[in-house]
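Peer 1: I'd like to ask some things about the structure below.
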Amino acid sequence: MGSTSVTEMLGGWERGARALALLDAARERGYLTFLSEPRTAEEVAEFAGYSAGEVLDALVAQGIAVRVDGKYQLEGQLAGALSAGAPVDFAAQIERAALLARQVGDVVRTGASAVTAGESVVIARSVALTPNDAARGVVTQILDAVPEMRDAITDGHLLDVGSGVGGFVLTTASLLPGLRATSLELVPEVAAVAVERAKALGVTDRVDIRAMDARDFEALTPYDAVFWAQPFFPEQTRAATLAMIRRSLRPGGILLIQQLDAEPTDDDARAAFTLPRLVARAQGLPFARTLDELVAEIEAAGFALVRTLDIDLGRIALLRRPEESREG
Ligand SMILES: C[S@@+](CC[C@H](N)C(=O)[O-])C[C@H]1O[C@@H](n2cnc3c(N)ncnc32)[C@H](O)[C@@H]1O
């Protein structure tokens, strides 16, 4: 930070923390939904139950809302990100940002960061695709980049390991009517959200969502492909999870993984990156493991690399269970 004074440094930290507190409270209190349409100050006051002029001024000053012709409304990009047609749940991403700030405090105070079931739902929502046209476009892009996956699951069986709220599996099921899938999710409250979403999409006959530890899954029929949400699996569960995946796949079946977080190259971003890493490592997660390291880990579990690829959404590795397997 060079010659920046401590007062200036504190000012920078405060500005970010206060702006996030404002945004997250506005989300929690329903402002972000209410201001999706232009509203007068009087309408906002009636909605809030108090005179909201100062809150509105703060929202405008922070670029969260704009004032046009005397009415208040969400800023345009934010309105788009929060709209029902957006491919991801940006409100959950705001909530997760505030959660992460709290978790940094937990780790510093106690050395650990426990996650409640409700917080697991927030995390799962924040990373999931919302099964809609925009998300189907995202999945189409992935399947175009990995045609082996499309071929395997178009009329095949997908095992979705660490389903979260089912962003990938449900969007893909809504795109491929011949796909059948089993989804494994450890946290029952998270699995319950996935089940509700599956019902809303009308795919419960094809997507079987199970609240269980993936390590305990016994496949009755071999699967053609697996999608493993590897960043969310703590170190001590990974070898057993990979052994289960290998047992569940047919010989020649494919395993797709994504590298979600990567160590940034520029200094400012690297400094910021230490905080989510602090939290993830306290939870035993392999934060920002490189794709090469991930491939080595999975190869050691008896898989063969097909290829790695970079797409707009990040880095992906495609592996296979070898055709010639000695054991089960
Ligand atoms: C956040 S989701 C990932 C995104 C998800 N695949 C999607 O498409 O939206 C990853 C999930 O893996 C779950 N998980 C972690 N360890 C697990 C285990 N041993 N068995 C089953 N699920 C597990 C976590 O609870 C978490 O909800």
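The values are calculated or read from the model by the stated rules, or taken from the named source; none is laboratory data. Worth saying up front: this structure is predicted, and the values here are computed from it rather than measured. Using ideal geometry, Cβ is built from the backbone for each residue, glycine included, and neighbour counts are taken over all protein chains shown. What goes into the accessible areas is simple: the full protein's heavy atoms, side chains included, and nothing from ligands, DNA or RNA. Shrake-Rupley method; radii C 1.70, N 1.55, O 1.52, S 1.80 Å.
Peer 1: Scanning for something touching an Asp or Glu at 6+ places or on another chain (Cβ under 8 Å), at pLDDT 95 or above, surrounded by fewer than 20 Cβ atoms within 10 Å (Cβ to Cβ) and closer than 30 Å to GLY30 by Cα, does the range 129-149 turn up at least one residue?
Peer 2: no
Peer 1: Follow-up. Please tell me if SER83 is open to solvent by 50 Å² or more (accessible area, probe 1.4 Å) and farther than 30 Å from PHE232 by Cβ.
Peer 2: no
Peer 1: If you don't mind, another one. Just to check your reading of the model, which residue among ARG67, ARG102 is of a type outside the set (A, V, I, L, M, F, W, C) and under 26 Å from the mean Cα position of the chain (by Cα)?
Peer 2: It is ARG102.
Peer 1: Something else now. Filter the range 124-151 down to the residues that are over 19 Å from LEU201 (Cβ atoms) and free of Cβ contacts under 8 Å to residues at least 40 places away in the same chain, then identify the one that is nearest to the ligand (Cβ to nearest atom).
Peer 2: Going through the qualifying residues, I end up with SER126.
Peer 1: For GLY105, only one of the following conditions fails: (1) touching a Ser or Thr at 6+ places or on another chain (Cβ under 6 Å); (2) open to solvent by less than 60 Å² (accessible area, probe 1.4 Å). What is its number?
Peer 2: It is condition (1) that GLY105 fails.
Peer 1: Sticking with this one: Starting from the range 99-120, keep only residues that are under 10 Å from VAL279 (Cβ atoms) and in contact (Cβ under 8 Å) with a residue 60 or more places away in the chain, then list their pairs with residues that are surrounded by 17 or more Cβ atoms within 10 Å (Cβ to Cβ) and among the β-branched types (Val, Ile, Thr) whose Cβ atoms are within a distance under 7 Å, requiring at least 6 positions of separation or different chains.
Peer 2: LEU100/VAL279; GLN103/VAL279; VAL104/VAL279; VAL107/VAL279; SER113/VAL107; SER113/VAL279
Peer 1: Let me ask another. So, in the range 187-221, how many residues would count as being in a strand (DSSP E or B), out of contact with any Leu (no Cβ under 7 Å at 6 or more places or on another chain) and under 23 Å from GLU235 (Cα atoms)?
Peer 2: The qualifying residues number 1.
Peer 1: While we're looking at this one, here's another question. Looking for something over 21 Å from the mean Cα position of the chain (by Cα), at pLDDT 95 or above and not β-branched (Val, Ile, Thr) - is there at least one such residue anywhere in the range 254-277?
Peer 2: Checked against the condition, which is being over 21 Å from the mean Cα position of the chain (by Cα), at pLDDT 95 or above and not β-branched (Val, Ile, Thr), the range 254-277 yields no hits at all.
Peer 1: While we're on this one: Just for helices (runs of 4 or more DSSP H) wholly inside the range 2-79: which have at least 1 residues that are more than 30 Å from GLN103 (Cβ to Cβ), free of Cβ contacts under 8 Å to residues at least 40 places away in the same chain and of a type in the set (D, E, K, R)?
Peer 2: In the range 2-79, the matching helices (runs of 4 or more DSSP H) lie at 41-48, 53-61.
Peer 1: Go through LEU170, LEU184 for me and flag whichever is near the ligand (Cβ under 10 Å from one of its atoms), open to solvent by less than 50 Å² (accessible area, probe 1.4 Å) and outside any helix (DSSP H, G or I).
Peer 2: Only one candidate qualifies: LEU184.
Peer 1: Residues in the range 162-175: is at least one over 12 Å from the mean Cα position of the chain (by Cα), in the same structural domain as ILE311 (by TED's automatic domain parsing) and under 19 Å from PHE232 (Cα atoms)?
Peer 2: Taking every residue of the range 162-175 in turn, at least one turns out to be over 12 Å from the mean Cα position of the chain (by Cα), in the same structural domain as ILE311 (by TED's automatic domain parsing) and under 19 Å from PHE232 (Cα atoms).
Peer 1: Further question on the same structure: Among the residues of the range 245-262 satisfying the criterion of being free of Cβ contacts under 8 Å to residues at least 60 places away in the same chain and within 15 Å of the ligand (Cβ to nearest atom), which is surrounded by the fewest Cβ atoms within 10 Å (Cβ to Cβ)?
Peer 2: The selected residue is ASP261.
Peer 1: Applying the selection to the range 150-164, what residues are among the acidic types (Asp, Glu) and either assigned to a loop (DSSP other than H, G, I, E, B) or buried (at least 19 other Cβ atoms within 10 Å of the Cβ) (or both)?
Peer 2: ASP155, ASP160
Peer 1: Hey, another quick one. Please go through (1) outside the structural domain of ASP208 (by TED's automatic domain parsing); (2) polar (S, T, N, Q); (3) open to solvent by 50 Å² or more (accessible area, probe 1.4 Å) for SER113 and return the number of the only condition it doesn't satisfy.
Peer 2: Among (1) outside the structural domain of ASP208 (by TED's automatic domain parsing); (2) polar (S, T, N, Q); (3) open to solvent by 50 Å² or more (accessible area, probe 1.4 Å), the lone unmet condition for SER113 is (3).
Peer 1: So which of ARG307, ARG320 is crowded, with 16+ Cβ neighbours inside 10 Å, of a type in the set (Lys, Arg) and touching a strand residue (DSSP E or B) at 6+ places or on another chain (Cβ under 9 Å)?
Peer 2: Criteria check complete, one pass: ARG320.
Peer 1: Oh, and also: Can you work out which of the residues in the range 80-123 that are more than 16 Å from the ligand (Cβ to nearest atom) and not in a helix (DSSP H, G or I) is farthest from ALA191 (Cα to Cα)?
Peer 2: The selected residue is GLY111.
Peer 1: Considering only residues that are part of a helix (DSSP H, G or I) and either open to solvent by less than 10 Å² (accessible area, probe 1.4 Å) or of a type outside the set (Phe, Trp, Tyr) (or both), which ones fall in the range 223-243?
Peer 2: Of everything in the range 223-243, those that are part of a helix (DSSP H, G or I) and either open to solvent by less than 10 Å² (accessible area, probe 1.4 Å) or of a type outside the set (Phe, Trp, Tyr) (or both) turn out to be GLN230, PRO231, GLU235, GLN236, THR237, ARG238, ALA239, ALA240, THR241, LEU242, ALA243.
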